[in-house]
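Let me begin by presenting the structure, written as structure tokens, before commenting on it.
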Amino acid sequence: MHPLLERQIRRHLGDATAIPEAMHALFQAIGEAYEHADADRRLVEHALDQMSRELTERNRELQRQLVEKQRTEAEQAALIKRLEEAHNQLLQSEKMASIGQLAAGVAHEINNPIGYVNSNLASLRDYVRQMLAVLDAYERAEPLLPDGGEREDVLAAKRAAELDYLKADVVALLDESSDGIARVRRIVQDLKDFSHADRGEWVLADLHKGLDSTLNVVNNEIKYKARVEKLYGDLPMVRCLPSQLNQVFMNLLVNAAHAIDKQGVITVRTGVEGDDVWVEVADTGCGIPEALLTRIFDPFFTTKPVGKGTGLGLSISYGIVHKHGGHIEVKSEPGRGTVFRVNLPLHSSVDEDADHE
Amino acid sequence: MQIEQTQWLPGTGWTKPAVLTDAGLVLVFGGTDLLTEDVLADLQRRYPRALLFGGSTAGEILGAGVYDDSIVATAIRFADTRLHIASQPVPDAAASHAAGQALAARLPREDLAHVLVLTTGLDVNGTELVDGLKSALPEGVDLTGGLTGDGARFQRTLVIADGPPVEHGVAALGLYGSRIRIGHGCLGGWDPFGPDRLITRSRGNVLYELDGHSALDLYKQYLGEHAAQLPASALLFPLALHREGEADAALVRAVLAVNEADQSMTFAGDVPEGQYARMMRANFDRLVEGASGAARQARFGMAESRPQLALLISCVARKLVLAQRIEEEVEGVRDVLGEETVLAGFYSYGEISPYTPTARCELHNQTMTITTLSED
């Protein structure tokens, strides 16, 4: 008999034997109903317990999946970003490669005429020197001419031609022309150096040489805005992709010039610190607000007017320096100027083969 | 339409003499072991002109009472309605669709007003059977009925189609004429609980896996101490099936058998892969309300006619849950239909009815299904 029913009978009837025979079936039915209700309650409680356990488990699983999904999404986003950067870099290096090719072609074409102009100039200087010597001899013989007549004619011609001035100036002209030719040759050489002497080859290079040729190439952008101060330290040769580093230097120098409104100073410093070499480009320009500092390396981020900047320069520079195993630091004070510092490891651990693009 | 009811009890025999001796139909529902050829021959002698139509049960309904281990006979003399009975063996579940088609083809089509169908409740795929029947019946002819039962034993079920009881078969009774009025209703009263589970492995009405795990294991976990009473105890947690995004159009499926060897569960109807299943549990009040609701649906379908007879086919699971309170659902039906409507029926392993008077016919589980009849 169900214990509750037993208790109830004891309490209300005193004793189970007190139940009349005729009521036995009724009490049995009541007992069975109690037991059925108990079993039912246990089933519901058990099912509830199971369900709660199962739902908790599912909930955990869902949470785990959510975290996993978020992680995957973040990975995907990072991957997409890297892909975009690589794409931009590729675009830019394609562009640089064509420019380089063009520059190399032009340089080659110019080299030839410059060569013979230079050598002609040397001959010309020789001829002129000899002709001046002959002229001097003639002049020394001048007093031998009788007065009047012939002599007057010679003197009149010398005066008309300002011969003394000519003699001095023709040499100066030749010197200047030689200088000019030398400068053209240097520019052509710089163009060649800057463009693609290396073609993506890892070589031991002198960063100062790269900086100098880059400064020459961008001279036109800078010269009306700023004076360039070079404070070079002692740098060892660095294993790098020189043309790509030149691109970084160019971006930093052009940005520095753009940051300067009227007249300023661009200081290029280099040095060694620990296992790194560093190159600093500092300007006395407008500076970068702190809020933007975190975004300047983002692709397509630019503060320049539309059409003036692509917003790719710094992101590409970042990518190139990163590829060299180095990093770029920036310090800026709005109104005072900005310092970009490129740090490159002396003993690069980057896998050079993987970067032959 | 004239009706009389009598009951056969072990040791007592028939409780009333036969008066309506020219009855044309006797609906006979009883305990599996009681439905012997002798008893049926005796019944036939009492109603010599009647077609016997019925089967084994998980409980008999007589008036507002519910009985076990008895036979309830309801004799009907129709004034005008003609009857035609047909039967068809169903050797295994795979033959269900063909059996349904063959059976429907045996019924003359002219003047056919309604079909009552009873099928043995084990080894039959009710969904396929109903589809087969529907495909061969004339448009507009409704189908109601159920799967016969075997208490809570799930071992041997029988149908009677004017002959000796048959263990693997389906029987149909065609009602013909223009004066017969039919209504039907079907409601459950079970509440879904717990998560939706994807049916990941099944074949026809045999379920193997939910969410990639053994369905039988899941049932055992949820049943706890009741796992020992499988498969009957699995009826306490029927499944609500629905397609993705159609949770409102859920169909209820009850367990018929479990197979420990291949860890499968056989349901009374299809459990298609790709659909979602949710466990359901009984809600006492809603079960009783469901029965009354089914009665209201059936009565609504009759329009002006007052039902003279109501055939109640209710799921064995309801009886397992409601236990001693089982008569409350029958009383609920009687309260809606009125004292004058004769109630007969049985507790089944599956119910066949359109869900609403206008919906297509389906196999249901765990419901109270009511077919009301009257003759103008």
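Rule-based calculations on the coordinates, nothing more; no lab input. Model, not experiment: these values are computed from the prediction. Cβ coordinates were reconstructed from backbone atoms using ideal geometry, including for glycine residues, and neighbour counts include every protein chain displayed.
Listing for the model above:
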{"quantity": "Between 0 and 90°, nearest 10: helix A:3-13 axis offset from chain A longest Cα axis", "calculated": "40"}
{"quantity": "Around B:Ala254: net Lys/Arg minus Asp/Glu count, Cβ-Cβ under 11 Å", "calculated": "+1"}
{"quantity": "Placed amide H near B:Glu362: partners under 5 Å, 5+ positions off or other chain", "calculated": "B:Ser353, B:Tyr355"}
{"quantity": "The stretch A:247-269 and the stretch B:106-131: distance between their alpha carbon centers, rounded to Å", "calculated": "93"}
{"quantity": "MRE, 222 nm, helices only [DSSP H, n ≥ 4, -39500 (n - 2.57), over chain B, to nearest 500]", "calculated": "-6000 deg cm²/dmol"}
{"quantity": "Residues with amide H under 5 Å from that of B:Leu51, placed H, sequence gap 5 or more", "calculated": "B:Leu25, B:Val26"}
{"quantity": "Prolate/oblate/rounded call for the stretch B:1-50, Cα gyration tensor, a/c under 1.5 rounded", "calculated": "prolate"}
{"quantity": "For the stretch A:51-112 and the stretch A:117-164, distance of Cα centres in Å", "calculated": "74"}
{"quantity": "From phi via Karplus (6.51, -1.76, 1.60), per-residue ³J(HN,Hα) for the stretch B:91-96 in Hz, x at Gly/Pro", "calculated": "x, 7, 4, 5, 8, 4"}
{"quantity": "B:Leu198-A:Glu201 pseudo-label distance in nm [points 7 Å out on the Cα-to-Cβ vector]", "calculated": "5.8"}
{"quantity": "Hits among aspartates and glutamates - C-alpha to C-alpha of A:Lys69 under 16 Å, sequence gap 8 or more where chains match", "calculated": "A:Glu61"}
{"quantity": "Relative contact order for chain B, counting Cα pairs under 8 Å that sit 6 or more residues apart, in percent", "calculated": "20"}
{"quantity": "Neighbouring partner chain Cβ atoms per residue of B:217-227, average, 10 Å criterion", "calculated": "3"}
{"quantity": "C-alpha long axis of helix A:242-259 to longest principal axis of chain A, angle in °", "calculated": "90"}
{"quantity": "5 angstrom amide H check on B:Phe154, placed H, neighbours 5+ away", "calculated": "none"}
{"quantity": "Highest to lowest packing among A:250-256, B:119-125, A:206-212, scored as the average C-beta count within 10 Å", "calculated": "B:119-125, A:250-256, A:206-212"}
{"quantity": "Candidate aspartates and glutamates - alpha carbon under 17 Å from B:Lys220, same-chain residues fewer than 8 apart omitted", "calculated": "A:Asp40, A:Glu45, A:Asp49, A:Glu54, B:Glu209, B:Asp211, B:Glu260, B:Asp262"}
{"quantity": "Centroid-to-centroid separation of the stretch B:5-55 and the stretch B:293-342 [C-alpha atoms, Å]", "calculated": "23"}
{"quantity": "Shielding by partners - mean other protein chain Cβ count within 10 Å, residues of A:57-63", "calculated": "1"}
{"quantity": "Computed E for A:Val134/A:Asn111 - FRET, C-beta separation, R0 45 angstrom, nearest 0.05", "calculated": "0.85"}
{"quantity": "Cubic angstrom per residue, convex hull over Cα atoms of the stretch A:1-157", "calculated": "247"}
{"quantity": "Choice from A:Pro146, A:Pro236, A:Pro345 showing the highest fluctuation, given a GNM over chain A with Cα pairs closer than 10 Å", "calculated": "A:Pro146"}
{"quantity": "From phi via Karplus (6.51, -1.76, 1.60), per-residue ³J(HN,Hα) for the stretch B:53-58 in Hz, x at Gly/Pro", "calculated": "9, x, x, 7, 9, 10"}
{"quantity": "Degrees separating the helix B:126-136 axis from the principal Cα axis of chain B, which is the longest one", "calculated": "50"}
{"quantity": "Residue among B:Arg299, B:Arg243, B:Arg181 with the largest mean-square fluctuation in a Gaussian network model of chain B, springs linking Cα atoms under 10 Å", "calculated": "B:Arg243"}
{"quantity": "Cross-link reach list, lysines versus A:Lys95, counting only Cα pairs under 27 Å and skipping chain neighbours closer than eight places", "calculated": "A:Lys81, A:Lys192, A:Lys209, A:Lys223, A:Lys225, A:Lys304, A:Lys308, A:Lys323"}
{"quantity": "Ordering of B:193-201, B:163-171 by packing [mean C-beta count within 10 Å, highest first]", "calculated": "B:163-171, B:193-201"}
{"quantity": "Simple Cβ-charge dipole of the protein assembly as shown, Lys/Arg +1 and Asp/Glu -1, about Cα centre, in debye nearest 20", "calculated": "820"}
{"quantity": "Fluctuation leader among A:Leu163, A:Leu215, A:Leu90 - chain A, Gaussian network, Cα springs under 10 angstrom", "calculated": "A:Leu163"}
